[in-house]
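Worksheet: the structure to be examined is printed underneath.
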There are 2 protein chains.
Amino acid sequence: MLFGGIEAGGTKFVCVVGSGPDDIRGEVRFPTTSPTKTLGEVLRFFREQQAQHGPLSAVGIGSFGPVDLHPGSPTFGFITSTPKAGWPNTDVAGPLRRELGVPVAFETDVNASAIGEWRFGAARNLETCVYLTVGTGIGGGGLVGGRLMHGLVHPEMGHVRIPHDLSIDPFPGSCPYHRDCLEGLASGPAMASRWGRPAEALPVEHAAWALEAHYLALALVGFVCTLSPQRVVIGGGVMDQPQLLPLVRRELKVLLNGYIQAPEVDDMDSYVVAPALGGRSGVVGALVLAEQAVAGGARR
Amino acid sequence: MLFGGIEAGGTKFVCVVGSGPDDIRGEVRFPTTSPTKTLGEVLRFFREQQAQHGPLSAVGIGSFGPVDLHPGSPTFGFITSTPKAGWPNTDVAGPLRRELGVPVAFETDVNASAIGEWRFGAARNLETCVYLTVGTGIGGGGLVGGRLMHGLVHPEMGHVRIPHDLSIDPFPGSCPYHRDCLEGLASGPAMASRWGRPAEALPVEHAAWALEAHYLALALVGFVCTLSPQRVVIGGGVMDQPQLLPLVRRELKVLLNGYIQAPEVDDMDSYVVAPALGGRSGVVGALVLAEQAVAGGARR
């Protein structure tokens, strides 16, 4: 069976056709402009692909948000109250379902990446895992027994509260809702505000990186103590600085302080890892969502 | 089918025979003494019950810990490194399985309570939920799609890190591992150390309760943002003070600050609730674990 996958980002869309990361038959990426134009390009791509490779069995979407994930809701499959111009209240899943005539699975971008890493990447088939992305925002998703978490809405891991010692870090935090939640202290924009230049312009030996690792590790303690994940996958633009991941691992070990007795946490190098699918976690996850929609195990 | 349920506590054991909270055929409670004596009393009770009501199909145990929950481990079903005299390295599940000849499900006490509340109590059949107990220690469990979380070990929700403003609360925290983690700041013993008397001796209008609610709500923000639970159930001895739960609800609403858009969190009175099974969450949960052991869905 052949599936379509869409990573619907606020800056760009990536669409693929295939069955998994080693079987991508076609791929396209284009900037996110207006909904009409962008969704038109998506449809054109999938129609061309169908003409070439045969019919798709389903399409999966991992979308920027906020999104409505409640299957019974009249706005299910919509991007809802986004600040992105032109996109509030946009039905993303509906037009694809109607025009392509296939089941369409719809998820947050982070949940799509989480399921991509769980199925084909660094957290393959683990009973419990966490995926975190640290970039313009901080988002996370997890799986328990192969299931994404969706009871209330979806995880909002960037908005957990962590200790913030103002005598060491007087930066008040940048989250408009919570000020010094994790995202307010440790997102790319928070780093840029605190240090007066973009994260990627800070030298490797800058104190910013130890502080960043400290905040991320404090949050990871919470995720580990809450979900008991067998592995933590961390991606996102801020994590592209190669000095950061080792600092996070070291700090997490210090903070856990031997309390959690499990062989996995004894080997931090394999416990906290980068996404195995690199920048493709999201779009591969979208293929997995499509596959699950056909299997009947997913939210359409 | 008839099941046995055991709440194995460090102070007392409760054993029941039945099929659910409305069908308890027999019940006994006795103090936790030596393993030989205590497990002997457990066996005697279940044998008497079987003579009276017919054979049990399985037995479930929710145990104090630390415990070994890894089904493949040679010490699966053991209480491991507990400080309780006489109990380190005690096989709890094994003797029951051998002597009674039935499947025996083994879990932490908190996970048993969580599944009890999920199946028959305040979180009935929710897709995602959290159960927290605040007493001598702080522990929590959650279910996602009916599944307890066990990837790494089991949740250790008492050990998440939360903001601690030393200028408002100079108490350094009482956790021997992490000092001012949630348990170190908000357990019953932490309250007693901070204020110089037991929590239950603090007057209703004492500032202790607002501070306690603040710490619990900070942790709940984390659980809500991580698991996206549809409901949070909080029990334990500290929560017996009736003024506390309303303070926790109010503080959680303030801290979330409208960020999570869901009807459930708009109605805090039904979002954060006391256990519907009262003090019986654990032993009823043990019956549920027994039932799942027969159905093949559980860890034995």
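Taken over segment A:181-223, the criterion of being farther than 15 Å from residue A:247 by Cα, open to solvent by less than 50 Å² (accessible area, probe 1.4 Å) and under 21 Å from the mean Cα position of the chain (by Cα) is satisfied by A:181, A:182, A:183, A:184, A:185, A:187, A:188, A:190, A:191, A:199, A:222, A:223.
Restricting segment B:100-129 to residues that are open to solvent by less than 10 Å² (accessible area, probe 1.4 Å), hydrophobic (A, V, I, L, M, F, W, C) and not in a loop (DSSP other than H, G, I, E, B) leaves a set whose member that is farthest from the other protein chains (Cβ to nearest Cβ) is B:104. Does residue B:185 fit the bill of being of a type in the set (A, V, I, L, M, F, W, C) and part of a helix (DSSP H, G or I)? Here the answer is yes, as residue B:185 does meet what is asked. You will find that of A:86, A:77, the residue that is more than 23 Å from residue A:145 (Cβ to Cβ) and either within 14 Å of another protein chain (Cβ to nearest Cβ) or in contact with a Phe, Trp or Tyr (Cβ under 6 Å, 6 or more places away or on another chain) (or both) is A:77 and no other. Looking at segment A:43-96, which of the residues that are in a strand (DSSP E or B) and among the aliphatic types (A, V, I, L, M) is modelled with the lowest pLDDT? In this case the residue turns out to be A:67.
Set side by side, the residues B:163, B:172 differ, and just one is more than 7 Å from chain A (Cβ to nearest Cβ) and surrounded by fewer than 24 Cβ atoms within 10 Å (Cβ to Cβ), which is B:172. Determine if segment A:130-144 includes at least one residue that is surrounded by 17 or more Cβ atoms within 10 Å (Cβ to Cβ), in a helix (DSSP H, G or I) and of a type in the set (A, V, I, L, M, F, W, C). No: zero hits.
For segment B:67-77, which residues satisfy the criterion of being open to solvent by 40 Å² or more (accessible area, probe 1.4 Å) and in contact with an Asp or Glu (Cβ under 7 Å, 6 or more places away or on another chain)? B:75 - this is the single residue of segment B:67-77 that is open to solvent by 40 Å² or more (accessible area, probe 1.4 Å) and in contact with an Asp or Glu (Cβ under 7 Å, 6 or more places away or on another chain).
Within segment B:277-298, restricting attention to residues that are surrounded by fewer than 17 Cβ atoms within 10 Å (Cβ to Cβ) and in a loop (DSSP other than H, G, I, E, B), which residue is nearest to the other protein chains (Cβ to nearest Cβ)? Looking at residues that are surrounded by fewer than 17 Cβ atoms within 10 Å (Cβ to Cβ) and in a loop (DSSP other than H, G, I, E, B), I get B:297.
Summed over segment B:246-267, the residues that are crowded, with 19+ Cβ neighbours inside 10 Å and more than 13 Å from every other protein chain (Cβ to nearest Cβ) give a count of 2.
Put simply, of B:54, B:62, B:116 the only residue that is in contact with an Asp or Glu (Cβ under 7 Å, 6 or more places away or on another chain) and in contact (Cβ under 8 Å) with a residue 12 or more places away in the chain is B:62. Quick check, is residue A:273 in contact with a Pro (Cβ under 8 Å, 6 or more places away or on another chain) and farther than 23 Å from residue B:162 by Cα? So residue A:273 does not fit the description; no.
If you go through segment A:85-99 and keep only what is open to solvent by 20 Å² or more (accessible area, probe 1.4 Å) and in contact with a strand residue (DSSP E or B) (Cβ under 9 Å, 6 or more places away or on another chain), you end up with A:88, A:89, A:91, A:97.
Residues that are open to solvent by less than 30 Å² (accessible area, probe 1.4 Å), in contact with an Asp or Glu (Cβ under 7 Å, 6 or more places away or on another chain) and of a type outside the set (A, V, I, L, M, F, W, C) were ranked within segment A:145-160; the one that is nearest to the other protein chains (Cβ to nearest Cβ) is A:151. When A:217, A:208 are checked against the criterion of being farther than 20 Å from residue B:162 by Cβ, part of a helix (DSSP H, G or I) and either free of Cβ contacts under 8 Å to residues at least 60 places away in the same chain or facing another protein chain (nearest Cβ under 8 Å) (or both), A:208 stands alone in meeting it. The set of residues in segment A:116-132 that are closer than 11 Å to residue A:230 by Cβ and charged (D, E, K, R) comprises A:124, A:127.
As a summary of the residue check, residue A:6 satisfies the conditions (1) in a strand (DSSP E or B); (2) open to solvent by less than 10 Å² (accessible area, probe 1.4 Å); (3) farther than 21 Å from residue A:137 by Cβ except for the one numbered (3). Looking across segment B:227-245, the residues that are open to solvent by 50 Å² or more (accessible area, probe 1.4 Å) and away from chain A (no Cβ under 11 Å) come down to B:240, B:242. Does segment B:9-27 contain at least one residue that is among the aromatic types (Phe, Trp, Tyr), closer than 24 Å to residue B:138 by Cβ, surrounded by 22 or more Cβ atoms within 10 Å (Cβ to Cβ) and within 14 Å of chain A (Cβ to nearest Cβ)? No, there is no match, as no residue in segment B:9-27 is among the aromatic types (Phe, Trp, Tyr), closer than 24 Å to residue B:138 by Cβ, surrounded by 22 or more Cβ atoms within 10 Å (Cβ to Cβ) and within 14 Å of chain A (Cβ to nearest Cβ).
The values are calculated or read from the model by the stated rules, or taken from the named source; none is laboratory data. Here the structure is a predicted model, which is why all the values come from computation and not from measurement. Using ideal geometry, Cβ is built from the backbone for each residue, glycine included, and neighbour counts are taken over all protein chains shown. Calculation scope for accessible area: heavy atoms of the full protein, side chains included, ligands and nucleic acids excluded. Shrake-Rupley method; radii C 1.70, N 1.55, O 1.52, S 1.80 Å.
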